[in-house]
1. Of the residues 18, 6, 34, only one is over 18 Å from the mean Cα position of the chain (by Cα), surrounded by 19 or more Cβ atoms within 10 Å (Cβ to Cβ) and either farther than 25 Å from residue 169 by Cα or at pLDDT 65 or above (or both); which?
2. Suppose we filter 48, 87, 74 for residues that are more than 22 Å from residue 226 (Cβ to Cβ) and either in contact (Cβ under 8 Å) with a residue 24 or more places away in the chain or not assigned by TED's automatic domain parsing to the domain that holds residue 130 (or both); which single one remains?
3. Could you list all residues from region 93-116 that are more than 16 Å from residue 160 (Cβ to Cβ) and free of Cβ contacts under 8 Å to residues at least 60 places away in the same chain?
4. Just the residues that are among the hydrophobic types (A, V, I, L, M, F, W, C), over 19 Å from the mean Cα position of the chain (by Cα) and surrounded by fewer than 16 Cβ atoms within 10 Å (Cβ to Cβ), please, taken from region 166-214.
5. Does region 127-138 hold any residues that are touching a helix residue (DSSP H, G or I) at 6+ places or on another chain (Cβ under 7 Å) and surrounded by fewer than 18 Cβ atoms within 10 Å (Cβ to Cβ), and which are they?
6. Do you know which of the residues in region 98-126 that are under 14 Å from the mean Cα position of the chain (by Cα) and closer than 18 Å to residue 141 by Cβ is surrounded by the fewest Cβ atoms within 10 Å (Cβ to Cβ)?
7. So, of the residues in region 58-97 that are buried (at least 21 other Cβ atoms within 10 Å of the Cβ) and assigned to a loop (DSSP other than H, G, I, E, B), which turns out to be farthest from the chain's Cα centre (by Cα)?
Amino acid sequence: MVRMDTRFTPTEPPEFATPAELAAVHPRVRHLGTEAWRVLRIQSEFVEGFGALAELDRAVAVFGSARTPAASPEYVLGERVGKALVEAGYAVITGGGPGAMEAANKGAQEAGGTSVGLGIELPFEQGLNPYCDIELNFRYFFVRKTMFVKYSQGFIVLPGGIGTLDELFEALTLIQTRKVVHFPLVLIGVDYWTGLIDWLRERVVASGKASPTDLELIHITDDIEEAVRVIVDADKLLDQTEVAAQRAKAAAERRAGS
């Protein structure tokens, strides 16, 4: 099991430190504030994350509610998703928490695949679930989000709440702005997600705040096999695109050398 090494993580008081907390941690540099130390902490989280995940093979991030009860239909759905992704050749990355995240990690681990948990320090979280082979815990959401996108071939989103919606719209924004390409975004749970998509279409798109094609970036299904197939097909397309780009580059180099 791989865990984040915190031995070299710079000490830093809470985000909104009181003068007393600041003095306790930085007694000699109180007048300078904590910004320089915060930069080092951010840097250390990127370094730890990149180091721990650099050798990770193809993976898919699975999101969903931390409040999903164990043994509920949605929990079983998460287990099946984790297992199906492993059987298709992918590692599974989640937020490392309980509920749907735990279910996906459990399904992946029990299927013999690599199960990754990217946790976040929150006052009300209980730590990472016990089904993670690689464990990382972050202080900063934006560092954690970078890891999800950088090391995933796509996102599968199970029914969830505010945090799940945050990850969903983060991915949708990156795809829509072409910051990432060939990145499939699959929502599992037609009944759960249809209301959101209808609102986006009838209110956001209808009022000109988004394009109708933006909604085409989202695939909704109840079928786990279909969800995995969307991921696999996008992965194959990416491979073909990369091969074509390499061939074009080689041809251009040959022409330049002739």
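The values are calculated or read from the model by the stated rules, or taken from the named source; none is laboratory data. Since the structure is predicted, the reported quantities are computational estimates derived from the model, not experimental observations. Positions of Cβ are generated from backbone atoms using ideal geometry, with glycine treated the same way; all protein chains shown enter the neighbour counts.
1. Values: 18 fails: surrounded by 19 or more Cβ atoms within 10 Å (Cβ to Cβ); 6 fails: surrounded by 19 or more Cβ atoms within 10 Å (Cβ to Cβ).
Going through 18, 6, 34 in turn, just one is over 18 Å from the mean Cα position of the chain (by Cα), surrounded by 19 or more Cβ atoms within 10 Å (Cβ to Cβ) and either farther than 25 Å from residue 169 by Cα or at pLDDT 65 or above (or both): 34.
2. Values: 87 fails: more than 22 Å from residue 226 (Cβ to Cβ); 74 fails: more than 22 Å from residue 226 (Cβ to Cβ).
Only one candidate passes the filter, namely 48.
3. Filtering region 93-116 down to residues more than 16 Å from residue 160 (Cβ to Cβ) leaves 106-116.
Result: 106, 107, 108, 109, 110, 111, 112, 113, 114, 115.
4. 190, 196, 197, 199, 204, 206
5. In the first step, residues of region 127-138 are kept if they are touching a helix residue (DSSP H, G or I) at 6+ places or on another chain (Cβ under 7 Å); the result is 129, 131-134, 136, 138.
The answer is 133, and nothing else.
6. Filtering region 98-126 for residues that are under 14 Å from the mean Cα position of the chain (by Cα) and closer than 18 Å to residue 141 by Cβ, the one surrounded by the fewest Cβ atoms within 10 Å (Cβ to Cβ) comes out as 120.
7. Residue satisfying both the conditions and the ranking: 68.
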